[in-house]
Amino acid sequence: MPRKISNKMPSIGIIGTGFYVPEKILTNKELTKFVDTSDEWIYQKTGIRERRIADSKEATSDLAIHAAEQAMHNAGIQAEDLDLIVLATSTPDMIQPATAPIVQGKIKAFKSAAFDVSAVCAGFVYATSVAYSMMRTNKNYKKTLVIGAETYSRILDWTDRTTCVYFGDGAGAVVLSKVKDGFGIQNYYLQNDGRGADIIKFLAGGSRYPATPETLAKNMHRFEMQGKQVWDFAVKVLPLSIKKVIEEAGKTIQDIDLIISHQANINIIKVSLDKLGLSMEKTYTNMDRYGNTSGASIPIALSEAHQKGLLKKGDNVVLVGFGGGLSYGAVYLKWAL
């Protein structure tokens, strides 16, 4: 359900952004060499021209560290200033430990708590909401690093054109801290529909698939996505999430200056904004260059928009995500930088 925030608590907002994408570029044309598809088909269906692929020596934590360091530099803080690290990923370095403590150790943020959030493509919205709530209710958390980082190239079946054409690797990050009253995060909305939990999935053992050598061989590295069901879900919950989060904060669609959506498919964003009576001028997209980077897509797009000067102090901004789980939600904030 929507969560209305009391004004008696401190205002928390973004004071720094950063992102990182690997150097290797995989174009649609290159994909046609091993998948039965075409550049024209991929671009028309998704808006994607190319995506970035992590080097064999780059783990999800490595991408996260690059984004984190840029965000901290942008915020003017050091790793030792951090009290909390929340990392959203559905492609962790390993099952355990979580990826956030790996990042914490490598950047030497030893004073911070660190944990992962797994909500797939809505992961950054969930991670931001969790971090924000902790900061509002516990004075010990003054500076928080929120990261979205993914290496989907490691879990894709590169012979399956229904999935591999969409995804890329990357990481984005923001630093949250106290901001001037009236600015920062104003509201968040989180929701799930577990009835569709099998629409997007990565089979890797578990209670339904006991981890025997046979089942592991059969199920590991099998990312599956039902495209039509994802479309139907996304074009429903993207506009719903935006409306819910701003209406609970007493705002209207006309008040919103910029929407940063999960970069899944350009056509999903077009259809969803059209339902709200908005044009594409109200959003920023970059999936043409990076593809769908799952939980990293929102902070990457937000960081790019910030670096390009597309955000000004006082702007009403909505971050909206949707993905496996089925998870969805939005964060509404008044830009503080």
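For Thr17, the criteria (1) at pLDDT 95 or above; (2) loosely packed, with under 15 Cβ neighbours inside 10 Å; (3) hydroxyl-bearing (Ser, Thr, Tyr); (4) closer than 21 Å to Met135 by Cβ hold in every case but one, which is (2). Set side by side, the residues Ile300, Ile269, Ile259 differ, and just one is without any contact (Cβ under 8 Å) to a residue 60 or more places away in the chain and either of a type in the set (Val, Ile, Thr) or closer than 18 Å to Ser118 by Cα (or both), which is Ile269.
Among the residues of the stretch 13-42, the ones that are outside any strand (DSSP E or B), in contact (Cβ under 8 Å) with a residue 40 or more places away in the chain and within 20 Å of Gln263 (Cα to Cα) come to 5 in all. Only strands (runs of 3 or more DSSP E) whose full extent lies in the stretch 90-208 are considered here, and the ones with at least 1 residues that are in contact with a helix residue (DSSP H, G or I) (Cβ under 6 Å, 6 or more places away or on another chain) and under 16 Å from Ile65 (Cβ atoms) are 113-117, 144-151, 169-178.
Residues of the stretch 14-47 that are aliphatic (A, V, I, L, M) and within 17 Å of the chain's Cα centre (by Cα): Ile14, Val21.
Of all positions in the stretch 139-156, at least one carries a residue that is more than 22 Å from Glu23 (Cα to Cα), among the aromatic types (Phe, Trp, Tyr) and either at pLDDT 95 or above or buried (at least 22 other Cβ atoms within 10 Å of the Cβ) (or both).
In the set (1) part of a loop (DSSP other than H, G, I, E, B); (2) under 23 Å from the mean Cα position of the chain (by Cα); (3) surrounded by 17 or more Cβ atoms within 10 Å (Cβ to Cβ), the condition left unmet by Ser61 is number (1).
The listed residues are Ala114, Ala197, Ala131, Ala173, and the only one of them that is farther than 19 Å from Asp81 by Cβ and either surrounded by fewer than 19 Cβ atoms within 10 Å (Cβ to Cβ) or hydrophobic (A, V, I, L, M, F, W, C) (or both) turns out to be Ala197.
The set of residues in the stretch 98-119 being more than 14 Å from Ala149 (Cβ to Cβ) and either of a type in the set (Ser, Thr, Tyr) or modelled with pLDDT under 95 (or both) consists of Ser112 alone.
Yes or no, residue by residue, for (1) over 30 Å from Lys244 (Cα atoms); (2) surrounded by fewer than 22 Cβ atoms within 10 Å (Cβ to Cβ):
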residue: Leu26; (1), (2): yes, yes
residue: Val35; (1), (2): yes, yes
residue: Thr46; (1), (2): no, yes
residue: Leu84; (1), (2): no, no
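Filtered by the rule that a residue be polar (S, T, N, Q) and more than 21 Å from Ala197 (Cβ to Cβ), the stretch 222-276 gives Thr252, Gln254, Ser261, Gln263, Asn267, Ser272. Taking every residue in the stretch 84-100 that is over 15 Å from Pro299 (Cα atoms) and pairing it with any residue that is assigned to a loop (DSSP other than H, G, I, E, B) and among the acidic types (Asp, Glu), at least 6 positions away or on another chain, the pairs with Cβ-Cβ distances below 6 Å are Thr99/Asp93.
The values are calculated or read from the model by the stated rules, or taken from the named source; none is laboratory data. Predicted model only: the values in this text are computed from it and were never measured. Every residue, glycine as well, gets a Cβ built from its backbone with ideal geometry; the counts of neighbours run over all protein chains shown.
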